[in-house]
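First the structure, then my questions, so here it is.
The values are calculated or read from the model by the stated rules, or taken from the named source; none is laboratory data. Here the structure is a predicted model, which is why all the values come from computation and not from measurement. Ideal geometry is used to build each Cβ from the backbone, glycine not excepted, and the neighbour counts take in all protein chains shown. Side chains included, ligands, DNA and RNA excluded: accessible areas come from the protein's heavy atoms. Shrake-Rupley method; radii C 1.70, N 1.55, O 1.52, S 1.80 Å.
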Amino acid sequence: MKKRWWTDTSLYGDLVLGIAASAAVVLLCLDLFGLLDYQYIKDNLDKFTTLLIALYIVSAVIERRLLLVRHQNNVLLEIQKASRGPYRGFSAIYACREHMPTFSDMIQSARKELYIAGIDLAFVVLQQLTTLQAKAEAGCCIKLLLVDAGDAAAPNPILDSLGETLDYHRPLKDVLQANIDKLCQWKSKLPKAVQKRIEIKLSMAIPTHIAVFLDKDQLSGRMYLEMLPPKTDAQQRWSLVVDSHQCREVYPVYLQAYKALWAAARFC
């Protein structure tokens, strides 16, 4: 694949050296023609030094970021190569959310059924309710599974450790309860015929992925599985795509697991 100039990690360090070298050449030329103002340079030397240091820091940060992305892509490529054995590989592997289809595109791709399982489903609550309503109105069945926030009588024991592991900045119980309330209120305001196509359930289980199933029981079924590594920003999580017709050994295993998770959950 052709390398883009902005992904070349050696470019940014060279850029700083190039700027410094260019500045030196300009100063030399000015000195030869007697146009160099030594007093001006002396008065502003601290500013020039600060500028060069700032450029170096910025280039180092960008270079570190690009090296991390390159490392992630190399690891995922090795996983993809290794998976071309008994399981015939996955349909696709994405290093981060930036490279994968948007959640809106995923939802739009569902025809008969959409099943989303996650933690607080913030991406649904904040951005996708209108899209989900349109899909339900068009006849698509919607299933949403969140982690159960519990209550005073039956608290969910996993919330504190789960929130800390996934680096939530607010108590996870509060986030969950707010999103559950929003989803239930949203559903209650829809026409009765549309409400019948939308189910919302709460699970006490510890989630290991965010899963999006498109027409899960059809030959064209597809699932997106986003990993949940600890202390990792949501945008940096890597994902697998598994198609029912292509990954015939893997797909049924995950499908049955998420069907069992749904069956064990309670309606909100």
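Please determine, by comparing only the residues of region 234-257 that are in a helix (DSSP H, G or I), open to solvent by 20 Å² or more (accessible area, probe 1.4 Å) and not hydrophobic (A, V, I, L, M, F, W, C), which one is farthest from Gly118 (Cα to Cα).
Out of the qualifying residues, it is Pro252.
Separate question: Quick one: what pairs do we get from region 129-141, first residue within 14 Å of Tyr115 (Cα to Cα) and touching a residue at least 24 places away in the same chain (Cβ under 8 Å), second in a strand (DSSP E or B) and of a type in the set (Asp, Glu), C-beta under 7 Å, 6+ apart or different chains?
Cys140/Glu113; Cys141/Glu113
Separate question: Restricting attention to region 218-231, report how many residues are at pLDDT 90 or above and more than 21 Å from Cys96 (Cβ to Cβ).
Matching residues across region 218-231 total 1.
Could you grab the pairs with beta carbons closer than 8 Å, sequence gap of 6+ or different chains, first residue in region 177-190 and farther than 16 Å from Ala122 by Cβ, second one in a helix (DSSP H, G or I) and open to solvent by 40 Å² or more (accessible area, probe 1.4 Å)?
Here the result reads Leu190/Gln133, each pair linking region 177-190 to a residue that is in a helix (DSSP H, G or I) and open to solvent by 40 Å² or more (accessible area, probe 1.4 Å).
Here's a follow-up. Out of Lys182, Lys201, Lys192, Lys231, I need the residue that is of a type in the set (Lys, Arg) and open to solvent by less than 30 Å² (accessible area, probe 1.4 Å). Which one?
Just a single option satisfies the conditions, and that option is Lys201.
Sort out for me the helices (runs of 4 or more DSSP H) sitting completely within region 117-221 that have 2 or more residues that are under 22 Å from the mean Cα position of the chain (by Cα).
Hits in region 117-221: 122-127, 129-137, 159-165, 172-188.
For region 216-230, does any single residue satisfy the condition of being touching a Gly at 6+ places or on another chain (Cβ under 6 Å) and within 15 Å of Val124 (Cβ to Cβ)?
no
Can you name the number of the only condition in (1) part of a helix (DSSP H, G or I); (2) modelled with pLDDT under 70; (3) out of contact with any Ser or Thr (no Cβ under 9 Å at 6 or more places or on another chain) that Lys2 fails?
It fails just one condition, (1).
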